[in-house]
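Accompanying notes for the structure given below.
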Amino acid sequence: MKILTILILLLTSNTIYSNEGKGYSFSLGGGVIYKQNIRDDNQYDKADKNSIVTPIPMAQLSIGPVSISGPNVKVKLPGTTFISPYIGIGRDGERYYGPGMEWRKDSWFAEVGANILMFKLSYSRDVQGRSHGEIMDISYNGRLFLGKVILNYTFSHTFYDKEFTNYYYGVRANEVTSDRPYYAPKSSGTNSVAISPIWLISKNVSWFNSVKATFLGSKIKDSPTVARDWYLTAISGITYKFD
């Protein structure tokens, strides 16, 4: 759920059509995701595969300051030319159904953040009470205009507190086996870099592509439930903007 949510938001946020006169915007499309899994034994869906390719829908609706993309809702707050604050709620975390383990599930997170020039700062907290965790994110977003191609690039660091990391990557006492020791990690995080070109095929049609590499922090990659130090995500999709 987390991956689908993030990708829907990422794809549509770069190709959304803005009808300033009417105060709304709407885009719709579809695409595919390629993702390497960080677990080898996840019994949820097809997550035990080394990698997966999945078709995805893409849709986003904005009405005034409110933006809805999948299960994510964001509301822009009054700001300045250089600072744009917002609040929101959406899904985060991941689903991990390890053999002989209690199921870990994604959850609802409330978020507050701000876009400051080329940077984005955000803080979110689990309000559904599954992990009781907190997330902090800082990213730099750049953009180059190359004719009909817009090249976006992003560098990001995401911090997870102890509660979040323990819930998703820890091993509880009742889950210990001969090859899965007890594990109670402290706070950790990830670093990522993404390159996302958009080809403006016509006034209403855009072709979006993105390749993202995510590098896991030591407390995550040292977990007995994690099989990778880093993973790739590649996505491609076409969206149509409605007049």
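The values are calculated or read from the model by the stated rules, or taken from the named source; none is laboratory data. Note that the structure is predicted; figures quoted are calculated from it, not measured. Here Cβ is always computed from backbone atoms with ideal geometry, including for glycine, and neighbour counts include all displayed protein chains.
Going through (1) within 17 Å of the chain's Cα centre (by Cα); (2) buried (at least 19 other Cβ atoms within 10 Å of the Cβ) one by one, Phe119 falls short only on (2).
Do you know which residues across the stretch 94-119 are among the hydrophobic types (A, V, I, L, M, F, W, C) and either within 12 Å of Tyr168 (Cβ to Cβ) or in a strand (DSSP E or B) (or both)?
Restricting attention to the stretch 94-119, the residues satisfying the condition of being among the hydrophobic types (A, V, I, L, M, F, W, C) are 101, 103, 108-110, 112, 114, 116-119.
If the condition is that a residue be among the hydrophobic types (A, V, I, L, M, F, W, C) and either within 12 Å of Tyr168 (Cβ to Cβ) or in a strand (DSSP E or B) (or both), then Met101, Trp103, Trp108, Phe109, Ala110, Val112, Ala114, Ile116, Phe119 are the ones that fit.
Please tell me if Asp179 is modelled with pLDDT of 95 or more, of a type in the set (Asp, Glu) and under 30 Å from Gln43 (Cβ atoms). Against the criterion (modelled with pLDDT of 95 or more, of a type in the set (Asp, Glu) and under 30 Å from Gln43 (Cβ atoms)), Asp179 does not qualify.
Let's see how each residue does on (1) charged (D, E, K, R); (2) surrounded by 20 or more Cβ atoms within 10 Å (Cβ to Cβ); (3) under 30 Å from Met101 (Cα atoms); (4) in contact (Cβ under 8 Å) with a residue 40 or more places away in the chain:
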| residue | (1), (2), (3), (4) |
| --- | --- |
| Ile198 | no, yes, no, yes |
| Phe208 | no, yes, no, yes |
| Val211 | no, no, no, no |
| Lys219 | yes, yes, yes, yes |
| Ser223 | no, yes, yes, yes |
| Asp229 | yes, no, yes, no |
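Residues in the stretch 47-61 that are touching a residue at least 40 places away in the same chain (Cβ under 8 Å) and outside any strand (DSSP E or B): Ala47 alone.
Residues in the stretch 44-54 that are surrounded by fewer than 15 Cβ atoms within 10 Å (Cβ to Cβ) and either closer than 14 Å to Thr239 by Cα or touching a Phe, Trp or Tyr at 6+ places or on another chain (Cβ under 7 Å) (or both): Ser51, Val53. Among all positions in the stretch 210-217, there is no residue which is of a type in the set (Lys, Arg) and over 22 Å from Pro55 (Cα atoms). The number of residues in the stretch 226-243 that are modelled with pLDDT under 95 and more than 21 Å from Leu61 (Cβ to Cβ) comes to 2. Residues being touching a Phe, Trp or Tyr at 6+ places or on another chain (Cβ under 6 Å) and closer than 20 Å to Asp137 by Cβ are entirely absent from the stretch 174-184. Is it true that some residue in the stretch 96-106 is touching a Gly at 6+ places or on another chain (Cβ under 6 Å) and either among the small types (Gly, Ala, Ser) or buried (at least 17 other Cβ atoms within 10 Å of the Cβ) (or both)? Yes: one or more hits.
Scanning the stretch 37-83 for residues that are under 21 Å from the mean Cα position of the chain (by Cα), of a type in the set (Ser, Thr, Tyr) and more than 30 Å from Gly100 (Cα to Cα) yields a total of 3.
Selection of the stretch 133-183 for residues being surrounded by 14 or more Cβ atoms within 10 Å (Cβ to Cβ), in contact (Cβ under 8 Å) with a residue 40 or more places away in the chain and closer than 30 Å to Lys203 by Cβ yields Ile150, Asn152, Tyr153, Thr154.
Thr165 passes all but one of (1) among the hydroxyl-bearing types (Ser, Thr, Tyr); (2) modelled with pLDDT under 95; (3) in contact with a Gly (Cβ under 8 Å, 6 or more places away or on another chain); which number fails? With (1) among the hydroxyl-bearing types (Ser, Thr, Tyr); (2) modelled with pLDDT under 95; (3) in contact with a Gly (Cβ under 8 Å, 6 or more places away or on another chain) applied to Thr165, the lone miss is (2). Among the residues of the stretch 56-86, those that are buried (at least 16 other Cβ atoms within 10 Å of the Cβ) and over 16 Å from Gly23 (Cα atoms) comprise Ile56, Met58, Ala59, Ser69, Gly70, Asn72, Ser84, Pro85, Tyr86.
Checked against the criterion of being touching an Asp or Glu at 6+ places or on another chain (Cβ under 8 Å), surrounded by 15 or more Cβ atoms within 10 Å (Cβ to Cβ), at pLDDT 90 or above and not in a strand (DSSP E or B), the candidates Arg91, Arg39 yield just one match: Arg39.
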